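The values are calculated or read from the model by the stated rules, or taken from the named source; none is laboratory data. A quick note: this is a predicted structure, and the numbers were derived from the prediction, not measured. Methodologically, a virtual Cβ is constructed for each residue, glycine included, from the backbone with ideal geometry; neighbour enumeration extends over all protein chains shown. Remember, those area values only see protein heavy atoms, side chains included, never the ligands or the DNA or RNA. Shrake-Rupley method; radii C 1.70, N 1.55, O 1.52, S 1.80 Å.
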Amino acid sequence: MVVGVTVGFVFAAERRQLILEMVRANGAVSLRELARVVQTSEVTVRRDVRALEAEGLLDRRHGGAVLPGGFTRESGFPQKSHLATAEKTAIADLAASFVEEGEAVVVGAGTTTQELARRLARVPGLTVVTNSLLVAQALAHANRVEVVMTGGTLRGSNYALVGSGAEQSLQGLRVTRAFLSGSGLTAERGLSTSNMLSASVDRALVQAAAEVVVLADHTKLGTDTMFQTVPTDVITRLVTDEPPAHDDRAATELQALADQGVHISVAGPGAGSGAGTGAVHGDAVSSAARRRDVPPLPGQRRNLPLGHGQQGGPGQGGPPGAQLRSAAPLGDQATARVADLAPRRR
């Protein structure tokens with residue numbers, strides 16, 4: 001639970017002091033939570049966070065504020081678990097819809113992948129390879145789900161196994177897809193993290209998979225950290241949430257990722273209002289998992305492997321019952337590019 005106090009009306013100076021104390025106590029706090037505690041709007045809180053950042057007292061992140069430290073600092077699991085919780089839930093709901101009965105997948109460490117694991121517990125015949133104790137715990141009592149743990153040294157800050165033991169245990173492994181999250185995602189560098197050992201294990205997980213699915217909420221879009229884990233050209237699909245209307249940076253990053261051939265699925269209550277919701281192994285997809293898909297633009301180097309997860313309904317490579325549609329803004333641009341490339345008729 002985020003450490004904080006409920007207050008009445010406060011002046012700007014007092015409000016900013018409370019914000020600073022919350023960030024210092026928790027390491028990272030979402031704008032939504034800050035606004036709730038100081039009882040003001042997110043717009044006002046965002047202005048306060050900018051002022052505190054200008055003084056070097058904290059760093060802004062999309063959707064939240066963190067302790068200063070740039071590339072070198074990584075929040076612990078308790079702090080990260082309180083950031084963008086609703087978004088992570090929606091992302092996990094949608095990501096789980098791409099997994100079918102009897103598959104073998106790898107799932108990396110992270111708060112979003114932990115949410116995914118809770119949903120994968122309902123998929124019969126699944127084999128999950130993971131270096132995360134929290135992922136394994138979420139699946140420990142799942143019926144007909146086999147969990148394979150890597151070896152390695154325990155990294156207490158995120159309950160993950162890292163090091164040469166973890167990497168060696170993944171050699172020779174082959175699964176259909178890897179589900180990974182990280183500290184930041186940009187079109188230029190791909191997925192990155194703040195810890196060298198975690199990055200190295202994530203790269204080994206990627207090597208074991210035919211497809212790579214990145215789970216990243218909008219607060220991570222446009223954020224770059226020290227160690228690259230998955231280059232952009234290796235990412236098959238990004239599952240994310242709808243960026244807020246004011247978040248131009250996240251929207252721009254999504255467009256740039258789509259331009260580079262990453263297939264983007266957007267989850268959230270407001271996404272894909274015209275899209276149908278399908279069933280996932282007999283369980284109805286929640287309203288939070290309604291989505292729209294942003295396909296790669298024509299002429300890009302990437303094509304999704306044949307199989308579920310592509311656009312279309314049953315029998316066309318999509319998850320059962322899913323009806324996907326392209327995002328209008330990106331789809332319009334794709335159409336425009338096709339028109340530009342088409343020869344002119346005389």
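For region 21-36: of the residues being assigned to a helix (DSSP H, G or I) and crowded, with 18+ Cβ neighbours inside 10 Å, which is modelled with the lowest pLDDT?
Taking region 21-36 and keeping what is assigned to a helix (DSSP H, G or I), we get 21-26, 31-36.
Filter again for crowded, with 18+ Cβ neighbours inside 10 Å, leaving 22-23, 26, 31, 33-35.
On the way: Met22: 80, Val23: 79, Asn26: 67, Leu31: 85, Glu33: 82, Leu34: 87, Ala35: 87.
Among residues in region 21-36 that are assigned to a helix (DSSP H, G or I) and crowded, with 18+ Cβ neighbours inside 10 Å, the one modelled with the lowest pLDDT is Asn26.
Only one of (1) closer than 26 Å to Ile264 by Cα; (2) open to solvent by 50 Å² or more (accessible area, probe 1.4 Å); (3) of a type outside the set (Phe, Trp, Tyr); (4) more than 19 Å from the chain's Cα centre (by Cα) fails for Glu188. Which number is that?
Failed condition: (4).
Quick check on Arg177: is it assigned to a helix (DSSP H, G or I), farther than 18 Å from Gln228 by Cα and of a type in the set (Lys, Arg)?
no
Tell me, please, whether a residue that is part of a loop (DSSP other than H, G, I, E, B), closer than 25 Å to Ala267 by Cα, at pLDDT below 95 and within 22 Å of the chain's Cα centre (by Cα) can be found in region 84-93.
Residues of region 84-93 part of a loop (DSSP other than H, G, I, E, B): 84.
This time we only want the ones that are closer than 25 Å to Ala267 by Cα, so: 84.
Then drop every residue that is not at pLDDT below 95, which leaves 84.
With within 22 Å of the chain's Cα centre (by Cα) added as a condition, the list becomes 84.
Yes: region 84-93 contains one or more residues that are part of a loop (DSSP other than H, G, I, E, B), closer than 25 Å to Ala267 by Cα, at pLDDT below 95 and within 22 Å of the chain's Cα centre (by Cα).
Under the condition of being touching a Gly at 6+ places or on another chain (Cβ under 6 Å) and of a type in the set (A, V, I, L, M, F, W, C), which residue from region 89-123 is nearest to Leu215 (Cα to Cα)? Give the steps one after another, and end with the answer.
Step one: filter region 89-123 for residues touching a Gly at 6+ places or on another chain (Cβ under 6 Å), giving 90, 98, 101-102.
Now drop any that are not of a type in the set (A, V, I, L, M, F, W, C), which leaves 90, 98.
Numbers: Ala90: 11, Phe98: 12 Å.
Among those residues, the one meeting the criterion is Ala90.
Going by what's in this entry, would Thr240 be described as over 21 Å from Val128 (Cα atoms) and touching a Ser or Thr at 6+ places or on another chain (Cβ under 7 Å)?
Numbers: over 21 Å from Val128 (Cα atoms): yes; touching a Ser or Thr at 6+ places or on another chain (Cβ under 7 Å): no.
Here the answer is no, as Thr240 does not meet what is asked.
Just to be sure I understand, how many residues within region 139-160 are at pLDDT below 95 and either within 22 Å of the chain's Cα centre (by Cα) or under 13 Å from Gln114 (Cβ atoms) (or both)?
Residues meeting the conditions: 7.
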